[in-house]
Amino acid sequence: MPSASEVVSIIKTHRITHVRLYDADSHMLKALADSGIEVTVGVTNEEVLGIGESASAAAAWVSKNVASYVPSTNITAIAVGSEVLTSIPHAAPILVTAMNNLHKALVASNLNFQVKVSSPQSLDIIPEPFPPSTAAFNSSPNSTVYQLLQFLNNTNSYFMLNAYPYYGYTNGNGIFPIDYALFKPLPSVKQIVDPNTLFHYNSMFDAMVDATYYSMDALNFSGIPIVVTETGWPWQGGPNEPDATVENAGTFINYLIRRVSNDSGPPSRPNIPINTYIYELFNEDKRRGPVSEKNWGVLYTNGTAVFPLSLSGSSQIMGNATTVFCVAKDDASEDKLQDGINWACGQGQANCSVIQSGQPCYLPNNIKNHASYAYNDYYQRMHNVGATCDFDGTATITTNDPSYRSCIFTGSSNSSAREGLLPPGAFGPVSPLGESMKLLVSKVRYVISAACLLIILL
């Protein structure tokens, strides 16, 4: 595992400007000092009861984990527990008390305007999230959920939602098509429509967010914004997890980035952007459960991407801002892309050996990925003598280095960039994460800001 300072170097290189920590690890908080990166720190589930039972424990926690680091470390939120209402329901009665105690400690430290308090919850607290317009929390006016919403409303905070279309699809018994979970366009006959509002939902992600807004409406809370504190897609699974693939993970994350970056909200709240954290930065090989549980990380520990990432406005960690690349357009038809590959690898004399089976750029095995490599190889070889990046309208120029893992695109400055961006220790062999470093790094999430294209990955 890279050290805390190396992790921050990786974060900076990818132009990530918000991170979420599961805990309040001192090494990470020190390394993040003077970086300008906005940080959400976490109260662990094990700490919730103690903080809920003792105002002095809450004050001590804020003093140790927040006040002692600001303003150098830009802490802007405290996430109290992780899915407390569903993962440790015995602590539910004291959750809001813990949040109140932390808020009072922030007030005493004059930090309550800078640091907001909330608590990430699973979509499982909504028994029937579809159709969104009839969704409701499994609660009553005296319930913990109601008290939580009262607290968020009174402190001008936001609702933290963990929304996973991967589980919505895999646990949905085939009700929804996988393209709906992956943000892929649906044909008109398969579009998902709320029968009550007639709103069209282009993705399961939007429907999940809207279900939460409608659930808050049902309890007469309509002014609390939602931040998605976790979402993602696993890129490897076991024999019974066929949908956990590199191709699906890459598709989901890249469409998610595009969706969140357009500054719009779900159908019921079109003017409220959906700020979203991607789960997660690195894999957790020691995590219990099925194979997929261990494989949500979008980066290897040397900072390279697991799959191609379309990071608008940001180069990859090995990127070169002065170099341009020719890649396939996201909306290009597969037939035209195949024609483009055939021409580039034939008459265009591109070196297409690396996109053959078993070679570095074969996976993800899809036409868009193969076309991007072939297009770029042709363009880099021939643009000095007049070649263009068009391929019948299926290609576009980008400054983002599309290289990933050992697939190095022609024109990339990876070799020289590696030595200058991170300390040598960050570039050892890519190996499973060590348990001793798990708490330090595996709990770093990164967020896409819907408010500004220059923030986070964009």
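The values are calculated or read from the model by the stated rules, or taken from the named source; none is laboratory data. Every value quoted in this text rests on a predicted model; they were computed, and no experiment measured them. All Cβ positions, even for glycine, are placed from backbone atoms using ideal geometry, and neighbour counts span all protein chains on display. Only protein heavy atoms, including side chains, enter the accessible area calculation; ligands, DNA and RNA are left aside. Shrake-Rupley method; radii C 1.70, N 1.55, O 1.52, S 1.80 Å.
From the list Ser72, Ser63, which residue is over 19 Å from Thr155 (Cβ atoms), open to solvent by 30 Å² or more (accessible area, probe 1.4 Å), in a loop (DSSP other than H, G, I, E, B) and polar (S, T, N, Q)?
On the way: Ser63 fails: in a loop (DSSP other than H, G, I, E, B).
Of the residues listed, the single one that is over 19 Å from Thr155 (Cβ atoms), open to solvent by 30 Å² or more (accessible area, probe 1.4 Å), in a loop (DSSP other than H, G, I, E, B) and polar (S, T, N, Q) is Ser72.
Each row is one residue, and each column tells you yes or no for (1) in a loop (DSSP other than H, G, I, E, B); (2) modelled with pLDDT under 95; (3) open to solvent by less than 30 Å² (accessible area, probe 1.4 Å); (4) not assigned by the TED database to the domain that holds Tyr22.
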residue	(1), (2), (3), (4)
Ile224	yes, no, yes, no
Glu241	yes, no, no, no
Asn254	no, yes, no, no
Tyr277	no, no, yes, no
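Restricting the search to segment 110-134, which residues are aliphatic (A, V, I, L, M) and either closer than 24 Å to Asp23 by Cβ or open to solvent by 40 Å² or more (accessible area, probe 1.4 Å) (or both)?
The answer is Leu111, Val115, Val117, Leu123, Ile125.
Within segment 136-145, does at least one residue satisfy the condition of being farther than 29 Å from Glu46 by Cβ, in contact with an Asp or Glu (Cβ under 9 Å, 6 or more places away or on another chain), in the same structural domain as Val48 (by the TED database) and open to solvent by less than 60 Å² (accessible area, probe 1.4 Å)?
To start, the set of residues in segment 136-145 that are farther than 29 Å from Glu46 by Cβ comprises 136, 141.
Restricting the remaining residues to those that are in contact with an Asp or Glu (Cβ under 9 Å, 6 or more places away or on another chain) gives 136.
Subset that is in the same structural domain as Val48 (by the TED database): 136.
Pick out the ones that are also open to solvent by less than 60 Å² (accessible area, probe 1.4 Å) and you get 136.
Scanning segment 136-145, I find at least one residue that is farther than 29 Å from Glu46 by Cβ, in contact with an Asp or Glu (Cβ under 9 Å, 6 or more places away or on another chain), in the same structural domain as Val48 (by the TED database) and open to solvent by less than 60 Å² (accessible area, probe 1.4 Å), so the answer is yes.
Based on what the data block shows, is Thr97 touching an Asp or Glu at 6+ places or on another chain (Cβ under 9 Å) and in a helix (DSSP H, G or I)?
Yes.
Tell me, please, whether a residue that is surrounded by 20 or more Cβ atoms within 10 Å (Cβ to Cβ) and closer than 25 Å to Val260 by Cα can be found in segment 100-109. Steps first, answer last, please.
Going residue by residue through segment 100-109, those that are surrounded by 20 or more Cβ atoms within 10 Å (Cβ to Cβ) are 101-103, 105-106.
Next, only the ones that are closer than 25 Å to Val260 by Cα stay: none.
Looking for residues that are surrounded by 20 or more Cβ atoms within 10 Å (Cβ to Cβ) and closer than 25 Å to Val260 by Cα, one finds none in segment 100-109, hence no.
Name the residue that is farthest from Gly411 (Cα to Cα), counting only residues in segment 367-396 that are assigned to a loop (DSSP other than H, G, I, E, B) and open to solvent by 40 Å² or more (accessible area, probe 1.4 Å).
Looking at residues that are assigned to a loop (DSSP other than H, G, I, E, B) and open to solvent by 40 Å² or more (accessible area, probe 1.4 Å), I get Asp392.
Out of the residues in segment 75-94 that are in contact with a strand residue (DSSP E or B) (Cβ under 8 Å, 6 or more places away or on another chain) and in a helix (DSSP H, G or I), state the one that is least open to solvent (accessible area, probe 1.4 Å). Explain how you work it out, then say what you get.
Within segment 75-94, the subset in contact with a strand residue (DSSP E or B) (Cβ under 8 Å, 6 or more places away or on another chain) is 75-87.
Filter once more, keeping what is in a helix (DSSP H, G or I): 84-87.
Details: Val84: 0, Leu85: 33, Thr86: 59, Ser87: 61 Å².
Among those residues, the one meeting the criterion is Val84.
Could you list all residues from segment 368-398 that are over 12 Å from Ala350 (Cα atoms) and hydrophobic (A, V, I, L, M, F, W, C)?
Across segment 368-398, the qualifying residues are Val385, Ala387, Cys389, Phe391, Ala395, Ile397.
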